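Single-structure report; data block below.
The values are calculated or read from the model by the stated rules, or taken from the named source; none is laboratory data. Being a predicted model, the structure only gives us computed values, none of them experimental. We place every Cβ from the backbone using ideal geometry, glycine too, and count neighbours over all the protein chains shown. Areas reflect the complete protein model, heavy atoms only, side chains present, ligands, DNA and RNA absent. Shrake-Rupley method; radii C 1.70, N 1.55, O 1.52, S 1.80 Å.
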Amino acid sequence: MKVLVPVKRVVDAYVTPRVKADGSGVETENVKMSLNPFCEIALEEAIRLREKGIASEVLAVSVGEVKVEEVLRTALAVGADRAVRIEAPRQTEPLTLAKLLKSLVKKEEVGLALLGKQAIDGDNNQTGQMLAALLGWGQATSVSKLEIEDGKAQATREIDSGLQVRAMVLPAVLTVDLRLNEPRYASLPNIMKARKIPIEVLTPESLGVEVVERVKTLSVVEPAKRESGTFVESATDLVAKLKAVKVL
Ligand code: AMP
């Protein structure tokens, strides 16, 4: 079974994002960029499935400009077998992404698509769901435990009221949550080796997908600054203060 792992290059999780002066988005020039943390977890799970003999190949794909090849190199260094970049000039919206991924799934005869539950830049949390709908495949989102046996997947999801376990036949689309696993680091020799592995480049046209923008970002603004807190002398003092601001 071939496993497809879509990976996104995003502003590093430890960097405080800065809004561009013209309010058109978040600054990405001269900012540390990394593999989206949820994609790292999806990749780790795919590699573990290959190590267990359940997956035959792990194919990493990223949609974007040539810069996104950085995260594909990371994916190769960590253990992906192959990497594909789908050419796209800018941020691609989830529906277009899902169409591109669907076409790749068909072309590559993928048996399982493992995605991050969300990309930490846009926080869309949509691509996996749209891909499953377009393919007509079963899906489970925010997976925190996964078992695959005899062509069936059992996925545990963390939901507000507890844990939900969903079973489905493969092929399927799964999106992963933080607690699924702890991703491994790439070793230096593997980072060096990954630099030499060719990355296949595909265009939306070659995949039969027209890139249409349906969503327009009108403006991006910084969140309101939080006011600094004050210390209270006693519980009585706290109650008086809360009453003054009509919280009690
Ligand atoms: P989103 O729906 O944007 O929150 O992203 C959810 C998941 O879709 C990510 O964790 C990735 O697995 C995948 N994804 C989103 N954008 C891209 C991209 N440009 N290239 C490849 N995969 C992506």
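Laid out as a table, the results:
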{"quantity": "C-alpha center-to-center spacing [the range 47-113, the range 25-46] in angstrom", "calculated": "14 Å"}
{"quantity": "Square roots of five times the Cα gyration tensor eigenvalues for the chain, Å", "calculated": "36, 24, 19"}
{"quantity": "Between 0 and 90°, nearest 10: helix 69-78 axis offset from the chain longest Cα axis", "calculated": "80 degrees"}
{"quantity": "Angle in degrees between helix 37-51 and the longest Cα principal axis of the chain, rounded to the nearest 10", "calculated": "40 degrees"}
{"quantity": "Protection proxy ranking, peptides 213-220, 227-234, 161-168, average beta carbon neighbours within 10 Å, highest first", "calculated": "161-168, 213-220, 227-234"}
{"quantity": "Pairwise label distance in nanometres, Arg18 with Asp123, each label 7 Å out on the Cα-Cβ vector", "calculated": "2.2 nm"}
{"quantity": "Dipole magnitude of the chain about its Cα centre (Cβ charges: Lys, Arg +1; Asp, Glu -1), debye to nearest 20", "calculated": "40 debye"}
{"quantity": "Dipole of the range 47-162, positive direction: furthest Cα of Gln139, Val63, Leu104, with charges on the beta-carbon", "calculated": "Leu104"}
{"quantity": "Antiparallel DSSP beta bridges within the range 111-190, as percent of all bridges there, nearest 5", "calculated": "60 percent"}
{"quantity": "J(HN,Hα) series, the range 232-244, from Karplus relation 6.51 cos²θ - 1.76 cosθ + 1.60, nearest Hz, glycine and proline x", "calculated": "10, 7, 7, 5, 4, 4, 4, 4, 4, 5, 5, 5, 4"}
{"quantity": "Net charge over other residues, Cβ less than 9 angstrom from the Cβ of Val63 (K, R count +1; D, E count -1)", "calculated": "+1"}
{"quantity": "Residue-averaged [θ]222 nm for the chain, counting only DSSP H segments that reach four residues, each worth -39500 (n - 2.57)", "calculated": "-8500 deg cm²/dmol"}
{"quantity": "Degrees separating the helix 94-108 axis from the principal Cα axis of the chain, which is the longest one", "calculated": "20 degrees"}
{"quantity": "Total formal charge among the other residues, if their Cβ is under 10 angstrom from that of Glu108, Lys/Arg +1 and Asp/Glu -1", "calculated": "+2"}
{"quantity": "For the chain: accessible area per residue (Å², 1.4 Å)", "calculated": "59 Å²"}
{"quantity": "Cβ-Cβ FRET estimate between Arg195 and Asn30, R0 fixed at 30 Å, reported to 0.05", "calculated": "0.85"}
{"quantity": "Relative contact order of the chain, defined on C-alpha pairs under 8 angstrom at six or more residues apart (%)", "calculated": "23 percent"}
{"quantity": "Estimated FRET transfer efficiency when R0 is 45 angstrom, pair Thr203-Leu242 (beta carbons, to 0.05)", "calculated": "0.15"}
{"quantity": "Cut-off under 5 Å, modelled amide H: who pairs with Val26 long-range", "calculated": "Lys20"}
